[in-house]
């Protein structure tokens with residue numbers, strides 16, 4: 001999940017659209033990766049929620065998209081063996 005930004009070739013725009021918070025937890029590559037995936041999940045859920053609130057997508061569409069994102073997050077956690 002962490003490297004799937006469509007605008008990854010534009011770092012300035014990435015920083016604006018996909019800001020990252022500093023990680024203060026126990027350091028390990030797995031924890032750091034999961035934290036990045038969790039932040040991306042949260043940002044995407046925010047965008048989906050905004051689209052639903054603005055009437056651009058239906059509540060069912062929003063639910064299905066968030067459900068899919070959650071499954072990806074869950075798989076990343078299992079893959080990292082956390």
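The values are calculated or read from the model by the stated rules, or taken from the named source; none is laboratory data. Note that the structure is predicted; figures quoted are calculated from it, not measured. Using ideal geometry, Cβ is built from the backbone for each residue, glycine included, and neighbour counts are taken over all protein chains shown.
Of all residue pairs spaced 6 or more apart or on separate chains, those with beta-carbon atoms under 8 Å, a first member in segment 21-32 that is closer than 18 Å to residue 74 by Cα and a second member that is modelled with pLDDT of 95 or more and surrounded by 14 or more Cβ atoms within 10 Å (Cβ to Cβ) are 30/80.
Of all residue pairs spaced 6 or more apart or on separate chains, those with beta-carbon atoms under 9 Å, a first member in segment 50-77 that is free of Cβ contacts under 8 Å to residues at least 12 places away in the same chain and on the phi < 0 side of the Ramachandran plot and a second member that is in a helix (DSSP H, G or I) and surrounded by fewer than 11 Cβ atoms within 10 Å (Cβ to Cβ) are 52/59. Considering only residues of segment 54-67 that are surrounded by 11 or more Cβ atoms within 10 Å (Cβ to Cβ) and part of a helix (DSSP H, G or I), which is farthest from the chain's Cα centre (by Cα)? Restricting to residues being surrounded by 11 or more Cβ atoms within 10 Å (Cβ to Cβ) and part of a helix (DSSP H, G or I), the top hit is 61.
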